[in-house]
Amino acid sequence: MIKFVISIFTVLILLSGCSTKSSLDLVSSTVDLRNDEGRLGGIGITSGEKEGKIIVPIALSYDFVLANTGNKILGGAEKLNEQTFEYEDGINIHIEPNEKLKEVSEEVMGHNIYDEDTEGGLGTGSTSSPVLQPDQEGEYTLDFVLGALEENPEIKLAPSSDQLEKLKEHAMEADLIVSVEGEEIARFDLSNFE
């Protein structure tokens, strides 16, 4: 009888642990090369013969749609980091490249663009929904600036179009990691979405 009670108790603990786990689905995932001022902004040239001209960089841009399929709210919007203007308690995404993508990034750009601590990076941008209610979808973007398409004194020139296409071709050889307050809540193999 004691074994039966312990077995039932163990099953209940396991089931309650499963019900608190977040249910998050990756609905769609795309990557493209973008040169869009509305999304990426522009860099004003402050000197020389092109002074006053706006240079729009080219970026490797990811677009994701995530869906909260569970019955609990994911993320929060109460702990605003005033330096980064991101919610520390909100849903955060980042890309973890596999070895091949790291190699291609280092070959094309001279460094791993996915490593935020690497020097030589031209910057990243992102948009996200810090909170997903149950049965709600949210759009998330990541933009990795690769350079300018024309010579200028403000930002380095992007690699050749062949090199950029090579980077784009391998860009889905990575995992999308979703976290809240530094704790991973989901991981998606992007190579399954090619």
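Summary table below
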{"quantity": "Residues of the range 148-194 that turn out to be of a type in the set (D, E, K, R), assigned to a strand (DSSP E or B) and surrounded by 14 or more Cβ atoms within 10 Å (Cβ to Cβ), as a count", "calculated": "1"}
{"quantity": "Output for the range 79-130, where each listed residue is assigned to a strand (DSSP E or B) and either modelled with pLDDT under 90 or open to solvent by less than 40 Å² (accessible area, probe 1.4 Å) (or both)", "calculated": "Leu80, Asn81, Glu86, Tyr87, Ile91, Ile93, Ile95, Pro97, Thr124, Gly125, Ser126, Thr127"}
{"quantity": "Conditions (1) in contact (Cβ under 8 Å) with a residue 40 or more places away in the chain; (2) closer than 22 Å to Ile155 by Cβ; (3) open to solvent by less than 60 Å² (accessible area, probe 1.4 Å): number failed by Lys53", "calculated": "(3)"}
{"quantity": "Matching entry among Ile58, Ile45 (being surrounded by 14 or more Cβ atoms within 10 Å (Cβ to Cβ) and either aromatic (Phe, Trp, Tyr) or at pLDDT below 85 (or both))", "calculated": "Ile45"}
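The values are calculated or read from the model by the stated rules, or taken from the named source; none is laboratory data. All figures in this text were calculated on a predicted structure; none of them were measured in a lab. All Cβ positions, glycine included, derive from the backbone under ideal geometry; neighbour counts span all protein chains shown. What goes into the accessible areas is simple: the full protein's heavy atoms, side chains included, and nothing from ligands, DNA or RNA. Shrake-Rupley method; radii C 1.70, N 1.55, O 1.52, S 1.80 Å.
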